[in-house]
Amino acid sequence: MSQDRSPQAYWKANLGLVWICLAVWFLVSYVFGVFLVEPLNAIRLGGYKLGFWFAQQGSIYVFVVLIFFYASRMNRLDREFDVHED
Amino acid sequence: MDLQAMTYLVVGLTFLLYFGIAIWARAGSTGDFYVAGKGVHPILNGMATGADWMSAASFISMAGLIAFKGYDASVYLMGWTGGYVLLAMLLAPYLRKYGKFTVPEFIGDRYYSKTARIVAVICLIVASLTYVIGQMKGIGVTFSRFLEFPYERGLFVGMGIVFFYAVLGGMKGITYTQIAQYCVLIFAYTVPAVFISLKLTGNPIPQLGLGGTMADGTYLLDKLDTVLVDLGFNAYTNKNDSTINVFLLTMSLMIGTAGLPHVITRFFTVPKVKDARISTGWALVCIALLYTVAPAVGAMARLNLMHTVQTGEVGAPSGNLEYASRPDWFQKWEGTGLLAYEDKNGDGRIQYYGGSKAFEAQAASFGWKGNEMTKVDRDIMVLANPEIAGLPNWVVALVAAGGIAAALSTAAGLLLAIASAVSHDLIKGIFMPQISEKSELMASRVAMAGAILLAGYFGLHPPGFAAQVVALAFGLAASSLFPAIMMGIFSKRINRQGAVAGMLAGLVVTLVYIFWFKGWLFIPGTEMAPNDAAHWFLGISPEAFGAVGALINFVVAYLVSMMTPPPPERIQHLIEDIRVPRGAGAAGGH
């Protein structure tokens, strides 16, 4: 049986990817940077307390990586489902 | 060359550059005026978006807030970058596929309703105008310092320049100018940070210097914590604000980032849907360059400031700086009225300390009669920073040019969003569809002028520091526009009635909550309750309330839609169409 290539399946695959990315987004900023900041501050990363580092540095780096990851996975999905431009 | 002359020279040169580009790339048609054609490369678009995005709030105000709030100011860092993740995944590619000029146009079409379009215009104007007020504060501070004017006159000069500048070119002019402005502002921000980081920690990379050690072997952040706690301030790296407030403010800023029309418009201008995704990434790279340096600027500026005032041992009579021998920058900032000193104990020295209970008795035993730095406007820190650190004049001048670039580029982008909402959505789209292109351009310029005057008026009595005013704007965008756009793409069931009710509910609740604590239309004396945690609803500050407003918007839109008929068939097709990339035409088809 061939794989489902309908627009509905494409949308579902997209949503799955978005959910994964947003879970990471939430984890690094809200969980590490806000909710768990105090326990994480007990761990050190050089001169940084770890929770503080996530809030002021780490989360931003992860955001950048997330967007490029999403963009490249979507480019692949576009081709797999034959909905890419040109 | 003295500082004044150097500043005129550097600022003058950068202006020459911007105006030159603006004239070279003048908007010829309405299409050019609103979106910059489709030939903008993703990296260049990312830089222009960065300049558009990073305003006086990011450049001038944010590091100042970080310097004085420490960890608690992380909300701005995470909030103003994390929103790009939402933008890349939830909005940008789909709005690009849809391919029109403005956000209200999308909302009007998706919800098949002129009412929805008008409500979106109102939301857009309220959010953007609040944002411009924040820029005006930043522009006023910068000009007042470097022209050595009082704040008010600095503000008027700034208004004049913004007017001349934004009205001249449209989006096309602005896009190329903004690329130049990005280069100026990122250079201006990084250079002093590198110098100061080197001086304090020996590490030229500020992001590493912040986590590095000082000459005496202690970590910089530990040192800062000690210095501050010893003087009765909160420890720099500790969380002092309530978790709910930190959480909601960050959320508000993130959602607002994704809902601000002048940023969204950027992604209408890229050639393809896949460029819209990658452009968001490049934009964030350009922004992250400044945002990861800002925490270092804040911490180092605070440490330098403390060392300037507290020259020796805490409590020793000679441990505090003599007022008569205060440095030049101190005097200059006093002249603007943004820095003030009062010799409470009459010893001719400056005592600058915090109000912690533990330190109170100690301070009294030293003969200190209260904190004598009676006013330290947070917005002056970034501009004063290179002077406090004793860097050469050209670096100080460069920072002024960078601050002006940041404020100008954002003000121009916002004014354009307001102008296009008025002329394109209200006048051409609804009230006078027959209007000629020429009259439409005229109308948008008049709208810009009106917005500048209004923002200038509020800039005279700003309801907070630049970054805080801007935070209010984000709350308004978060509670009104973002949910309507997102549901328009991700739900086929949300209909006209739901969207209109949702946007109105979100906007009104958030606006009333802000005015309740900040005064109606920010007029001092008209606030209904004191603006402090004891009076806030569940301890949520007005700046953070946008996230609650967004939630209200989602819930109201859902409930109302469920009680009314679903959108017509053609709208279902429209939604299916914007969800796939193939078939995206050039932006701006009517």
**OP:** Between beta-carbons, use under 10 Å as the cut-off and find the net charge around B:T311, counting Lys and Arg +1, Asp and Glu -1.
**Re:** -1
Original post:
Using unit Cβ charges (K, R positive; D, E negative) and no other charged atoms, how large, in debye to the nearest 20, is the dipole of chain A about its Cα centre?
Top reply: 360 debye
Original post:
Hey, what's the range A:24-80 come to in accessible area per residue, 1.4 Å probe, Å²?
Top reply: 41 Å²
Original post:
Between the range B:280-315 and the range B:435-514, what's the alpha-carbon centroid distance in Å?
Top reply: 32 Å
**OP:** Excluding residues fewer than 8 places away in the same chain, name every one of the lysines whose C-alpha is closer than 30 Å to that of B:K375.
**Re:** B:K69, B:K137, B:K199, B:K223, B:K239, B:K332, B:K344, B:K357, B:K518
**OP:** Using only the C-alpha atoms of the protein assembly as shown, find the volume of their convex hull and express it per residue in Å³.
**Re:** 154 Å³
**OP:** Work out the mean other chain Cβ neighbour count within 10 Å for the residues of A:7-15 and drop it here as an integer.
**Re:** 2
Subject >> Accessible carbon and sulfur surface of the protein assembly as shown relative to its total accessible area, %, 1.4 Å >> reply: 66 percent
Original post:
Just counting partner chain Cβ atoms within 10 Å, what average do the residues of peptide B:78-86 show around their Cβ?
Top reply: 6
Subject >> Residues in the range B:219-246 that, when all protein chains are in place, have 30 Å² or more less accessible area than the chain alone would give (probe 1.4 Å) >> reply: B:Y219, B:L221, B:D222, B:T237, B:K239, B:T243
Subject >> Theoretical ellipticity at 222 nm over chain A - DSSP helices of four or more residues, -39500 (n - 2.57) apiece, nearest 500 >> reply: -18000 deg cm²/dmol
Original post:
Quick one: Cα centre-to-centre distance for the range B:179-223 and the range B:321-373, in angstrom?
Top reply: 28 Å
Subject >> Degrees between helix B:294-309 axis and first principal axis of chain B (Cα, 0 to 90, nearest 10) >> reply: 30 degrees
Original post:
Relative contact order, percent, of the range B:368-487 when contacts are C-alpha pairs under 8 Å separated by at least 6 residues?
Top reply: 21 percent
Original post:
Counting only the heavy atoms of the protein chains, how much of B:Y151 is accessible to a 1.4 Å probe, in Å² to the nearest 10?
Top reply: 20 Å²
**OP:** Specify which residue in the list B:A276, B:V512, B:A584 is farthest towards the positive end of the charge dipole of the protein assembly as shown, using unit charges on the beta carbon of Lys, Arg (+1) and Asp, Glu (-1), about the Cα centre.
**Re:** B:A584
Original post:
Local charge sum around B:W394 (other residues, Cβ-Cβ under 14 Å, Lys/Arg +1, Asp/Glu -1)?
Top reply: -2
Original post:
Rounded to the nearest 100 Å², what is the sum over both chains of accessible area buried where A meets B, with a probe of 1.4 Å?
Top reply: 4400 Å²
**OP:** Quick one: which residues, 5 or more positions from B:G337 or on another chain, have an amide H under 5 Å from its amide H? H modelled 1.01 Å from N in the peptide plane, none for Pro or chain starts.
**Re:** none
**OP:** Net charge near B:I571: determine it from the other residues with C-beta under 12 Å of the C-beta of B:I571, scoring Lys and Arg +1 and Asp and Glu -1.
**Re:** +1
Original post:
How large is log10 I(q)/I(0) at q = 0.31 Å⁻¹ when the Debye formula is applied to the Cα atoms of the range A:24-80, each weighted equally and without solvent?
Top reply: -1.11
Original post:
Based on DSSP H runs of at least 4 residues, each adding -39500 (n - 2.57), what is the mean residue ellipticity at 222 nm of chain B after dividing by all its residues, to the nearest 500 deg cm²/dmol?
Top reply: -21500 deg cm²/dmol
Original post:
What ranking do B:299-311, B:91-103 get when scored by the average of other Cβ atoms within 10 Å per residue, highest first?
Top reply: B:91-103, B:299-311
**OP:** Just order B:13-22, B:242-251 by mean Cβ neighbour count inside 10 Å, highest at the front, would you?
**Re:** B:242-251, B:13-22
Original post:
Per residue of B:71-77, what is the mean number of Cβ atoms on other protein chains within 10 angstrom of that residue's Cβ?
Top reply: 5
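The values are calculated or read from the model by the stated rules, or taken from the named source; none is laboratory data. What you are looking at is a predicted structure, and each value in this text was computed from that prediction instead of being measured. Positions of Cβ are generated from backbone atoms using ideal geometry, with glycine treated the same way; all protein chains shown enter the neighbour counts. Remember, those area values only see protein heavy atoms, side chains included, never the ligands or the DNA or RNA. Shrake-Rupley method; radii C 1.70, N 1.55, O 1.52, S 1.80 Å.
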